[in-house]
Amino acid sequence: MRTSLRAIHFFLACIALVATGCAMGPARADDAKADPDLMEVLKGVRMVQSGQIQAAIDGPLTDVVDRYTTKYAHSDKRIYSARGPMQSMLYLARAANAEKRSAIALGPAWGMAYWARGYAYAEMARYPEAEGELRKAVVLSPSDAQYQNELAYALQAQHRFADSLAIYEQVPGMVPLMDDWPDSLKNEYLCKAYRGQGYDLAELGRFDDAAKAYGECLKIIPDEPKSKGELAWIAEQKAKKH
């Protein structure tokens, strides 16, 4: 039997949240306490995880989104919502050099509120709505490994495997930009990206490429059980063809 994507998704959403309890990967505990918007996002995520999913979307998460939208919707500047210094510098340089426009790099709360709404919709298996929210998060923070991983998952859950694969393939290059994540969390997200690639490739019938993707995860986390289980499943499928 194949690994449950839902279980993987929930587990990584939990380890990527920070502060007290489940964490918000990019926000350190002190940052969250100092930023009331981040605290409100954290409240919303905890509500989702306690089963108050629609209330979290309609309440704290939308409150944060609405505050930022009201303030910045008509700005002539390119607005980013960055998680740390490395992302901020990248986005400001990108705007100046590639887009030739002024930009503002805000803190992470706005992007994380969209991410959290996407996560909430995914928890209700409302994947098209999850995709819409996550695409808004990605506009605000294009090189965010967590947002892109979550978006790829939402596409995968809709059986849009080629679209999902294209995003998962980009994520390993984004993980180093998560400069306040511990190495253990970076490794988890690298593995999630490779597992996502493997799953999509297997669904597309590219079993050899899928096995290589799972092998990349095992290089990072030896004996990682989900990848080993998927490799066993691939071997079974290939054996059936002979």
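Buried (at least 22 other Cβ atoms within 10 Å of the Cβ) and within 23 Å of Tyr91 (Cβ to Cβ): does that describe Ala210? Lay out the reasoning, then the answer.
Numbers: buried (at least 22 other Cβ atoms within 10 Å of the Cβ): yes; within 23 Å of Tyr91 (Cβ to Cβ): no.
Against the criterion (buried (at least 22 other Cβ atoms within 10 Å of the Cβ) and within 23 Å of Tyr91 (Cβ to Cβ)), Ala210 does not qualify.
Out of curiosity, is Gly205 part of a loop (DSSP other than H, G, I, E, B) and under 22 Å from Arg160 (Cα atoms)? Let's see the steps before the verdict.
Values: part of a loop (DSSP other than H, G, I, E, B): yes; under 22 Å from Arg160 (Cα atoms): yes.
Taking the combined requirement at face value, the residue satisfies it.
Considering only the range 139-188, state which residues are assigned to a loop (DSSP other than H, G, I, E, B) and either among the aliphatic types (A, V, I, L, M) or buried (at least 22 other Cβ atoms within 10 Å of the Cβ) (or both).
Ser141, Ser143, Asp144, Met178, Trp181
Given the conditions (1) touching an Asp or Glu at 6+ places or on another chain (Cβ under 9 Å); (2) surrounded by fewer than 16 Cβ atoms within 10 Å (Cβ to Cβ); (3) farther than 29 Å from Val65 by Cβ, which single one is not true for Leu201?
Unmet for Leu201, out of (1) touching an Asp or Glu at 6+ places or on another chain (Cβ under 9 Å); (2) surrounded by fewer than 16 Cβ atoms within 10 Å (Cβ to Cβ); (3) farther than 29 Å from Val65 by Cβ: (2).
Could you list all residues from the range 157-188 that are within 21 Å of Asp209 (Cα to Cα), of a type in the set (A, V, I, L, M) and touching a residue at least 40 places away in the same chain (Cβ under 8 Å)?
Applying the first criterion (within 21 Å of Asp209 (Cα to Cα)) to the range 157-188 yields 157, 159-173, 187-188.
Next, only the ones that are of a type in the set (A, V, I, L, M) stay: 157, 162, 165-167, 171.
If the condition is that a residue be within 21 Å of Asp209 (Cα to Cα), of a type in the set (A, V, I, L, M) and touching a residue at least 40 places away in the same chain (Cβ under 8 Å), then Ala157, Ala162 are the ones that fit.
Name the residue, out of Arg94, Arg135, that is surrounded by fewer than 23 Cβ atoms within 10 Å (Cβ to Cβ), at pLDDT 95 or above and either of a type in the set (Lys, Arg) or assigned to a helix (DSSP H, G or I) (or both).
Going through Arg94, Arg135 in turn, the sole match is Arg135.
Limited to the range 221-242, what total is found for residues that are under 23 Å from the mean Cα position of the chain (by Cα), part of a helix (DSSP H, G or I) and buried (at least 17 other Cβ atoms within 10 Å of the Cβ)?
The qualifying residues number 3.
When both residues are 6+ apart or on different chains and their Cβ atoms are under 7 Å apart, which pairs have a first residue that lies in the range 217-242 and is more than 17 Å from Gln197 (Cα to Cα) and at pLDDT below 95, and a second that is assigned to a helix (DSSP H, G or I) and of a type in the set (Phe, Trp, Tyr)?
Gln237/Phe207; Lys238/Phe207
When you scan the range 207-214, do you find a residue that is within 30 Å of Tyr114 (Cα to Cα) and not charged (D, E, K, R), even just one?
Taking every residue of the range 207-214 in turn, at least one turns out to be within 30 Å of Tyr114 (Cα to Cα) and not charged (D, E, K, R).
Out of the residues in the range 64-91 meeting the condition of being part of a helix (DSSP H, G or I), of a type outside the set (Val, Ile, Thr) and in contact with a helix residue (DSSP H, G or I) (Cβ under 6 Å, 6 or more places away or on another chain), tell me which one is surrounded by the fewest Cβ atoms within 10 Å (Cβ to Cβ).
Ranking the qualifying residues of the range 64-91, first place goes to Met86.
Looking only at the range 107-127, count every residue that is at pLDDT 95 or above, more than 24 Å from Arg67 (Cα to Cα) and in a helix (DSSP H, G or I) and tell me the total.
Residues meeting the conditions: 1.
Taking the conditions exactly as written (modelled with pLDDT of 95 or more and closer than 22 Å to Met112 by Cβ), does Pro176 satisfy them or not?
No.
Do we find that Ala82 is among the hydrophobic types (A, V, I, L, M, F, W, C) and more than 21 Å from the chain's Cα centre (by Cα) in this structure?
Considered against the rule, which asks whether it is among the hydrophobic types (A, V, I, L, M, F, W, C) and more than 21 Å from the chain's Cα centre (by Cα), Ala82 comes out as no.
Could you please find all residues in the range 34-63 being part of a helix (DSSP H, G or I), surrounded by fewer than 20 Cβ atoms within 10 Å (Cβ to Cβ) and among the small types (Gly, Ala, Ser)?
Ala34, Ala55, Gly59
The values are calculated or read from the model by the stated rules, or taken from the named source; none is laboratory data. Owing to the predicted nature of the structure, the values given are computational and were not obtained by experimental measurement. Using ideal geometry, Cβ is built from the backbone for each residue, glycine included, and neighbour counts are taken over all protein chains shown.
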